[in-house]
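Worksheet: the structure to be examined is printed underneath.
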Protein chains: 2
Amino acid sequence: MTDFLPPIQTTARDDAVLKALAGFVMQEKLEPGEKLPTERILAERLKVSRNTVREALTRWEGLGLVERRQGSGTYLKAAVSLDMLHMPLTLAGGNDFTGLMRTLEIRRALEAEAAALCAIRAGKADLAEIERKLDIMEEAFQTRAGMSSEEDWEFHQAVYRASGNPLFEQIISAMHELFHRFWEHPLGVRDFGHASFPYHRTIFNCIAAHDPEGARAEALKLIATVENDLKRGAANLKLSDRK
Amino acid sequence: MTDFLPPIQTTARDDAVLKALAGFVMQEKLEPGEKLPTERILAERLKVSRNTVREALTRWEGLGLVERRQGSGTYLKAAVSLDMLHMPLTLAGGNDFTGLMRTLEIRRALEAEAAALCAIRAGKADLAEIERKLDIMEEAFQTRAGMSSEEDWEFHQAVYRASGNPLFEQIISAMHELFHRFWEHPLGVRDFGHASFPYHRTIFNCIAAHDPEGARAEALKLIATVENDLKRGAANLKLSDRK
DNA sequence: GTGCAGAAATTGGTTGGACCATTGAACCAC
DNA sequence: GTGGTTCAATGGTCCAACCAATTTCTGCAC
């Protein structure tokens, strides 16, 4: 006997509202930036109270799908469809060392897999694009003595794109602001990121050679160096912050 | 001159409510599972309308921080603090074969890394818990001839928890409903998941032996078998769905 | 006609109060 | 104990009104 009986749903008004609204958006082919019907109209049409409509819209606003402007209206902020999957992540204390370390572990996981997939799937055009970003990055590294975080990021993005799975880029992009914020203030480590530099080329070589396991291994090494720098930075900070 | 003057906030009632509530949770040291004050009490104490409190709680519910049970109360679902960082992801299109395959690739990335971290960090209590889940799963597998998806999931969750990084569980949990939906309808593959069965034990052995690379490799193998089953299922489906 | 200040309408934000549906505990009969 | 019944507490929904920001319209001065 299967003892798994999912609880029945007797009330789910706001979910129903969102489903209807998603259907409306798809039917009308609304795109980001366009205006949704007003709350009052939605309430009337859907035969629910305006309060319920508001709770539903609050959900979407929290997910960043929609933006509400008082006196003006509610506007679509991202593409919505009926088969969306929501995955809200909250990082407790994303500012401190621990939080950063945790996001870095996620990044290591995704980076390794993306590199491996990329080595399997990247076509010629993808390879050329990745190498172009790599060249730009290496030049910036030489010219500006190591300050190449922007170009570095673009290289990794190119790898994610060539992985053939858009989820990698989506997830990492959402985390990027975190990394970026940190990159700007490297905790007093002057040569932050230097150690990771050579691995970009080795990763690319493995990808170009269609060697997934090699690419995975090199990506792991790259993140390991970043992790190392991060730990050094934390140690520095502790030293100077001594009470 | 700094031309960045953030616009003043004349209305941000619900945000203020959430901030106050986060402060309350921290002060009272409430932990996941514990009950929050009722909406009516919050409204009275914070001198705002109950509707405003509800919109604020709707936000938190959408972020998975809190769970509301009608007739019972509102319960904390995750640790909250004042310096949380929210990162809501919405993935379009996760229902078809391609979407499933893509989420599986993400899962492979996270599963491998979580297993490796777990091998490094798991303490005795963690190991005991994981082995307990493993035993339960193996017994269910024998008893119910392979139908052990629930117990299987609990095993993996235990691994994620012992990884020391709550992000793994958060991300995967958000994806779980997708896998689960699929597990129920294995596309006509009768022995779906059977091939992955032995790897649970091998993963555990590597973790217990504190062998991160071994754990990573076994996890990769496990997902590879699932991927295989999935492809077989898709082939079946195509055959029977022939137009 | 043009430009602009002020009025009016529109729209999201908030309030207070009412009632419904579910839950869980206390209580009672068997 | 087991199984109902009652009842208070709690989240879910609704309504009607008003507030605050924005947009649109209007009419006057030029």
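The values are calculated or read from the model by the stated rules, or taken from the named source; none is laboratory data. All figures in this text were calculated on a predicted structure; none of them were measured in a lab. All Cβ positions, glycine included, derive from the backbone under ideal geometry; neighbour counts span all protein chains shown. Each accessible area value is taken on the protein alone, full model and side chains, heavy atoms only, with ligands, DNA and RNA left out. Shrake-Rupley method; radii C 1.70, N 1.55, O 1.52, S 1.80 Å.
Working only within the stretch A:124-177, note down all residues that are open to solvent by 70 Å² or more (accessible area, probe 1.4 Å), touching an Asp or Glu at 6+ places or on another chain (Cβ under 9 Å) and farther than 18 Å from A:A215 by Cβ.
A:I136, A:E139
On the basis of being outside the structural domain of A:N228 (by TED's automatic domain parsing), free of Cβ contacts under 8 Å to residues at least 40 places away in the same chain and touching a Ser or Thr at 6+ places or on another chain (Cβ under 6 Å), does A:R50 make the cut?
Values: outside the structural domain of A:N228 (by TED's automatic domain parsing): yes; free of Cβ contacts under 8 Å to residues at least 40 places away in the same chain: yes; touching a Ser or Thr at 6+ places or on another chain (Cβ under 6 Å): no.
Considered against the rule, which asks whether it is outside the structural domain of A:N228 (by TED's automatic domain parsing), free of Cβ contacts under 8 Å to residues at least 40 places away in the same chain and touching a Ser or Thr at 6+ places or on another chain (Cβ under 6 Å), A:R50 comes out as no.
Out of the residues in the stretch A:25-42 that are more than 14 Å from chain B (Cβ to nearest Cβ) and over 14 Å from A:T74 (Cα atoms), state the one that is nearest to DNA strand D (Cβ to nearest atom).
This residue is A:E28.
Out of curiosity, is B:A22 among the small types (G, A, S), under 27 Å from A:A78 (Cβ atoms) and modelled with pLDDT under 90? Before you say what the answer is, go through the steps one by one.
Working: among the small types (G, A, S): yes; under 27 Å from A:A78 (Cβ atoms): yes; modelled with pLDDT under 90: no.
Answer is no for this residue.
Take B:R59 and tell me if it is within 16 Å of DNA strand C (Cβ to nearest atom), within 12 Å of chain A (Cβ to nearest Cβ), closer than 27 Å to A:L91 by Cβ and free of Cβ contacts under 8 Å to residues at least 24 places away in the same chain.
Details: within 16 Å of DNA strand C (Cβ to nearest atom): yes; within 12 Å of chain A (Cβ to nearest Cβ): yes; closer than 27 Å to A:L91 by Cβ: yes; free of Cβ contacts under 8 Å to residues at least 24 places away in the same chain: no.
When the stated conditions are applied, B:R59 does not pass them.
Show the residue pairs meeting these rules: Cβ distance below 6 Å; 6+ apart or different chains; first residue within the stretch B:113-136 and within 11 Å of chain A (Cβ to nearest Cβ); second residue among the aromatic types (F, W, Y).
B:A114/B:Y160; B:A114/B:F168
Report yes if B:L82 is surrounded by 19 or more Cβ atoms within 10 Å (Cβ to Cβ) and touching a helix residue (DSSP H, G or I) at 6+ places or on another chain (Cβ under 8 Å), otherwise no. Outline the logic, then answer.
Numbers: surrounded by 19 or more Cβ atoms within 10 Å (Cβ to Cβ): no; touching a helix residue (DSSP H, G or I) at 6+ places or on another chain (Cβ under 8 Å): yes.
Here the answer is no, as B:L82 does not meet what is asked.
Return yes when B:A158 is more than 8 Å from chain A (Cβ to nearest Cβ) and in contact (Cβ under 8 Å) with a residue 12 or more places away in the chain and no when it is not. Write out each step before concluding.
Values: more than 8 Å from chain A (Cβ to nearest Cβ): yes; in contact (Cβ under 8 Å) with a residue 12 or more places away in the chain: yes.
Judged against the criteria, B:A158 is a match.
Out of B:R69, B:R59, which single residue is surrounded by 20 or more Cβ atoms within 10 Å (Cβ to Cβ), within 16 Å of DNA strand D (Cβ to nearest atom) and over 17 Å from the mean Cα position of the chain (by Cα)?
B:R59
Could you check A:H180 against (1) exposed (fewer than 14 other Cβ atoms within 10 Å of the Cβ); (2) at pLDDT 80 or above; (3) not charged (D, E, K, R) and say which number it fails?
A:H180 satisfies every listed condition except (2).
Return a yes/no flag: does the stretch B:21-28 have any residue that is within 16 Å of DNA strand C (Cβ to nearest atom) and out of contact with any Cys (no Cβ under 6 Å at 6 or more places or on another chain).
yes
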